[in-house]
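Input: a single structure, listed below in structure tokens.
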Amino acid sequence: MVVGKIITIAGSDILSGGGVQADLATFNEYGLFGLSAITSIVTVNQHDFDIHEVPISVLAKQLTSLGELSDIKGIKVGLLPSVAHIDLVSQFIKQYVGQVPIVIDPVMAFKETNSVNASELATAIKQKLLPLATVVTPNMIEAELLTQQAIHSEADLLTVAEMLHKIGPKTVVVKGGVRLDGDMASDAVISEDTKKVIKLPKIERPFNNGAGCTFSAAIASQIAQNVPVLMAIDDAKDFVHHGILHGINLNDDFKVGNVWQAARRRKG
């Protein structure tokens, strides 16, 4: 049996809720072998949240190694902590455009903090990454940063998603999640022939660390195996829903626990 290979280029989450750890766990659940390039190391405890950038030269060597491999089925991009990292990664993924699906999760806002170098990163992401994307998956705050538009409703989600779609990605998913009022977690989806909001009931459980990374990795895993994009998005939302429902508690001091990528398989 030939197992497909898929790349994640993202930060390392010391708590393994998000980042490369979440991506690799998700790839495995979808039957793919994950490869990784580390852009940063995130350390977090109850009082501090820090991003330690991997030097550009080290990231470049990682990407060179990955570029020598064959039969890559897809690429997922997560946290890029500086404009220089964005420039380097954009050059790397250009060689794969039109050959494999590329999912961009434009990580700029975290549950543990507000934003990271937001304005400069947003500009670089719009110019260098979004035009290369098969799917882009910003959360609501990131979508606001990318478009400079406030989001207060499902209609706003759709409007912002349309704005991002005009930049170049084939499909845009703006994740409203639990941030909008109401009982449903709503996400806007825009592509050339689709404009819709997908919903699932909100889960009142504090296990959503890594939800965004897991969502985008689940989409990437499926479209890398020729699942239609809209089907992949619907399934990824269900995959994350189970991961939050049966999430991992870190300890009593952490307010937010982790998504569990194996939840759907183990809990059903």
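The values are calculated or read from the model by the stated rules, or taken from the named source; none is laboratory data. Bear in mind the structure is a predicted one, so any value in this text is a computation, not a measurement. Positions of Cβ are backbone-derived with ideal geometry, glycine not excepted, and every protein chain shown enters the neighbour counts. The area values use the complete protein model at the heavy-atom level, side chains included, leaving out ligands, DNA and RNA. Shrake-Rupley method; radii C 1.70, N 1.55, O 1.52, S 1.80 Å.
Which of (1) crowded, with 24+ Cβ neighbours inside 10 Å; (2) assigned to a helix (DSSP H, G or I) does Gln261 not meet, given it meets every other one?
(2)
Kindly indicate whether any position in segment 219-226 is without any contact (Cβ under 8 Å) to a residue 24 or more places away in the chain, closer than 18 Å to Gly74 by Cα and open to solvent by 20 Å² or more (accessible area, probe 1.4 Å). Explain how you work it out, then say what you get.
Applying the first criterion (without any contact (Cβ under 8 Å) to a residue 24 or more places away in the chain) to segment 219-226 yields 226.
Imposing the further condition that a residue be closer than 18 Å to Gly74 by Cα reduces the set to 226.
Filter again for open to solvent by 20 Å² or more (accessible area, probe 1.4 Å), leaving 226.
The answer is yes, given that some residue of segment 219-226 is without any contact (Cβ under 8 Å) to a residue 24 or more places away in the chain, closer than 18 Å to Gly74 by Cα and open to solvent by 20 Å² or more (accessible area, probe 1.4 Å).
Being within 21 Å of Val44 (Cα to Cα) and open to solvent by 10 Å² or more (accessible area, probe 1.4 Å) is the filter here; which residues of segment 1-17 pass it?
Within segment 1-17, Ser12, Asp13, Ile14, Leu15, Ser16 qualify.
Answer yes or no: is there a residue in segment 224-237 that is within 28 Å of Val44 (Cα to Cα), under 15 Å from the mean Cα position of the chain (by Cα) and assigned to a helix (DSSP H, G or I).
In the first step, residues of segment 224-237 are kept if they are within 28 Å of Val44 (Cα to Cα); the result is 236-237.
Filter once more, so that each one left must be under 15 Å from the mean Cα position of the chain (by Cα): 236-237.
Next, from what is left, pick out any that are assigned to a helix (DSSP H, G or I): 236-237.
Yes, that holds for at least one residue.
Anything in segment 25-58 that is open to solvent by 60 Å² or more (accessible area, probe 1.4 Å) and more than 18 Å from Val256 (Cβ to Cβ)? List them, or say none.
The first filter runs over segment 25-58 and keeps only residues open to solvent by 60 Å² or more (accessible area, probe 1.4 Å), leaving 28, 33, 41, 45-48, 50, 52-53, 55-58.
Those that are open to solvent by 60 Å² or more (accessible area, probe 1.4 Å) and more than 18 Å from Val256 (Cβ to Cβ): Asn28, Phe33, Ile41, His52, Glu53, Pro55, Ile56, Ser57, Val58.
Pairs needed: first member in segment 157-174, closer than 15 Å to Lys126 by Cβ; second member anywhere, among the charged types (D, E, K, R); C-beta distance under 7 Å; at least 6 residues apart or different chains.
Ile167/Lys126; Val174/Asp187
In segment 166-188, what residues are surrounded by fewer than 21 Cβ atoms within 10 Å (Cβ to Cβ) and not small (Gly, Ala, Ser)?
If the condition is that a residue be surrounded by fewer than 21 Cβ atoms within 10 Å (Cβ to Cβ) and not small (Gly, Ala, Ser), then Lys166, Ile167, Lys170, Val178, Arg179, Leu180, Asp181, Asp183, Met184 are the ones that fit.
For segment 8-26, give me each residue that is touching a residue at least 40 places away in the same chain (Cβ under 8 Å) and more than 13 Å from the chain's Cα centre (by Cα).
The answer is Asp13, Leu15, Ser16, Ala25.
Taking only segment 138-196 into account, find how many residues are more than 15 Å from the chain's Cα centre (by Cα), in a loop (DSSP other than H, G, I, E, B) and either under 12 Å from Pro106 (Cβ atoms) or among the polar types (S, T, N, Q) (or both).
Residues that pass the stated criteria total 4.
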